[in-house]
């Protein structure tokens, strides 16, 4: 008998007799025979720990990490430098080991970290309310959609979301998946010359959802989009990249009702896609609809500064079986990394960092745009990422660049079939001017090689 | 309100709601027992004027420091007025549940439904 099976043959016999069943197979009689497994799975025999280790090591060696190549890949997750300070603080066992840092018996230190995190998010977004974070960007977008649904629960019921095609595909997918269960329709607003072109909005629209900067890197006119949403009685939700918010007008000042976003770029590494955190900020009118928890500052019985969980209006310990939000795992640790990172950068540092990205992005856009066979996909202002089109098949060009240790970016056709030859290029403070020059040379060579090969294929010289 | 009271001029729903009927219009609220069970009320989610309410179904929510609870409509009709003052001082529901703590006024669609409601004595008997 396997050592992982807790019940012995005689234990099982006793249990079967107690419930009056002849055999374990008889318990599965309701499942048609043809759907049941007839024999054991065709798996290899068990391996030793050392063999398993070697096999996993060989598999892991097939990955290329962002440390192993010169990467210009972004599309929602970005390769920023994370200072050792972040690891040093989040590794403290007080932060690292609590099972769920939101319990009623949460420590004062944990609450203070949440409060400071919320303060930073409010300052970045220009909105008065921030919760203590959610799981990641895409679910934050969907959660914002639910807030709009709750805010419009009385007639007119407004059963439609209008979502810009410039919103990250993962966010649109998360929203569509959840909206189905809410009985809500999702309509996509197209991009025109890189920015959102809203359709006519009527009184059935619950929220207009956009992204800043959008997936193609373009800065949207949030004020105009929020104005159009409000004119139709809908809310405006903006999914924002947090670092660019330090140089762009704050969404709250543009009339955005809910600003959410992916927090990875704030002190969290790429880590193969997660875990990270999402941020969630809103106007005061929506405070009771916000998911998760909000920590607040107060004074104790002796008049000393202290912190409490102020609001958790949709959570299970308040709403019991009617709960509509459940944010409770240790993703608070990732949000803590976020507030440490923001404190490390400071008010001026975050602007300096983003201005550096602005300058390098402008340089890279100019360099790449000047290459024969490369064109800008749009002319809109950008901050840290821009889209180009190639006169050559993008996957093949990416392969050629990768062979030289350069990852030139994200092949847009994976999510945007209308941009079959599109490439999305991201810049962080880790990519120097020399790195950008190397990208330009590599891309130039790869595009030229593909074009000449293509010319050979059709028999033209 | 320190002492339980169930005024005799009101009709009661067993889910701890009261109705003060005046012709084809009625005022709704929650009973002393309901506010006492909830504890300190911190939020009243006002429904919109014009919303249809249905007897025995929830029409709004009240949040106390302990929990969020549905408020059940004792009669059917359409909301014609909402106690907006509760937005700033929801604790009025605790302090004066039959007076200033009223929740909504409703134009009744079927006044005969009130025959199914309880009088003060019958409601009080359900609590013991």
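Within the range B:14-27, none of the residues are within 14 Å of chain A (Cβ to nearest Cβ), at pLDDT 95 or above and either under 13 Å from the mean Cα position of the chain (by Cα) or not in a loop (DSSP other than H, G, I, E, B) (or both). Return yes when residue A:73 is under 30 Å from residue A:412 (Cα atoms), modelled with pLDDT of 90 or more and touching a strand residue (DSSP E or B) at 6+ places or on another chain (Cβ under 6 Å) and no when it is not. In short, yes. Take residues that are farther than 30 Å from residue A:432 by Cβ and within 29 Å of the chain's Cα centre (by Cα) and tell me which of the helices (runs of 4 or more DSSP H) falling wholly in the range A:1-117 contain 3 or more. The helices (runs of 4 or more DSSP H) meeting that bar are A:49-60, A:93-96. Just to be sure, is residue B:40 in contact with a helix residue (DSSP H, G or I) (Cβ under 8 Å, 6 or more places away or on another chain), surrounded by 19 or more Cβ atoms within 10 Å (Cβ to Cβ) and within 14 Å of another protein chain (Cβ to nearest Cβ)? The answer is no for residue B:40. As a summary of the residue check, residue A:375 satisfies the conditions (1) surrounded by fewer than 18 Cβ atoms within 10 Å (Cβ to Cβ); (2) outside any helix (DSSP H, G or I); (3) out of contact with any strand residue (DSSP E or B) (no Cβ under 8 Å at 6 or more places or on another chain) except for the one numbered (3).
I'm trying to understand the selection: among the residues of the range B:31-46, which are part of a loop (DSSP other than H, G, I, E, B), under 13 Å from the mean Cα position of the chain (by Cα) and at pLDDT below 95?
Of everything in the range B:31-46, just one residue is part of a loop (DSSP other than H, G, I, E, B), under 13 Å from the mean Cα position of the chain (by Cα) and at pLDDT below 95, namely B:46.
Meeting the requirement of 3 or more residues that are touching a residue at least 40 places away in the same chain (Cβ under 8 Å) and more than 24 Å from the chain's Cα centre (by Cα), the strands (runs of 3 or more DSSP E) wholly within the range A:263-314 are A:305-311. Which of the residues that make up the range B:58-75 are part of a loop (DSSP other than H, G, I, E, B) and either in contact with a helix residue (DSSP H, G or I) (Cβ under 6 Å, 6 or more places away or on another chain) or within 14 Å of chain A (Cβ to nearest Cβ) (or both)? If the condition is that a residue be part of a loop (DSSP other than H, G, I, E, B) and either in contact with a helix residue (DSSP H, G or I) (Cβ under 6 Å, 6 or more places away or on another chain) or within 14 Å of chain A (Cβ to nearest Cβ) (or both), then B:65, B:66, B:67, B:75 are the ones that fit. Annotation for the range A:287-296: no member residue is at pLDDT 95 or above, over 22 Å from residue B:69 (Cβ atoms) and more than 14 Å from chain B (Cβ to nearest Cβ).
Taking the condition touching a residue at least 40 places away in the same chain (Cβ under 8 Å), within 14 Å of chain A (Cβ to nearest Cβ) and more than 13 Å from the chain's Cα centre (by Cα), does residue B:49 pass? Criteria not met by residue B:49.
Looking only at residues of the range A:139-161 that are surrounded by 24 or more Cβ atoms within 10 Å (Cβ to Cβ) and in contact (Cβ under 8 Å) with a residue 60 or more places away in the chain, we find that the one that is nearest to the other protein chains (Cβ to nearest Cβ) is A:147.
Taking the range A:420-446, which residues are surrounded by fewer than 20 Cβ atoms within 10 Å (Cβ to Cβ) and in contact with a strand residue (DSSP E or B) (Cβ under 7 Å, 6 or more places away or on another chain)? Matches in the range A:420-446: A:421, A:435, A:438. Candidates A:103, A:108: the one that is in contact with a strand residue (DSSP E or B) (Cβ under 7 Å, 6 or more places away or on another chain), at pLDDT below 95, farther than 30 Å from residue A:195 by Cβ and surrounded by fewer than 20 Cβ atoms within 10 Å (Cβ to Cβ) is A:108.
Matching residues to (1) within 14 Å of chain B (Cβ to nearest Cβ); (2) under 22 Å from residue A:247 (Cβ atoms):
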{"residue": "A:300", "(1), (2)": "no, no"}
{"residue": "A:317", "(1), (2)": "yes, no"}
{"residue": "A:342", "(1), (2)": "no, yes"}
{"residue": "A:370", "(1), (2)": "no, no"}
{"residue": "A:375", "(1), (2)": "no, no"}
{"residue": "A:392", "(1), (2)": "no, no"}
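Matching residues to (1) modelled with pLDDT of 90 or more; (2) in contact with a helix residue (DSSP H, G or I) (Cβ under 8 Å, 6 or more places away or on another chain); (3) over 25 Å from residue A:84 (Cβ atoms):
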site: A:258; (1), (2), (3): yes, yes, yes
site: A:273; (1), (2), (3): no, no, no
site: A:299; (1), (2), (3): yes, no, yes
site: A:328; (1), (2), (3): no, no, yes
site: A:340; (1), (2), (3): yes, yes, no
site: A:350; (1), (2), (3): yes, yes, no
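For the range A:319-332, filtering for residues that are assigned to a loop (DSSP other than H, G, I, E, B), within 14 Å of chain B (Cβ to nearest Cβ) and either free of Cβ contacts under 8 Å to residues at least 60 places away in the same chain or in contact with a strand residue (DSSP E or B) (Cβ under 8 Å, 6 or more places away or on another chain) (or both) leaves 1.
The values are calculated or read from the model by the stated rules, or taken from the named source; none is laboratory data. Computed from a predicted model, the values in this text were never measured in an experiment. Methodologically, a virtual Cβ is constructed for each residue, glycine included, from the backbone with ideal geometry; neighbour enumeration extends over all protein chains shown.
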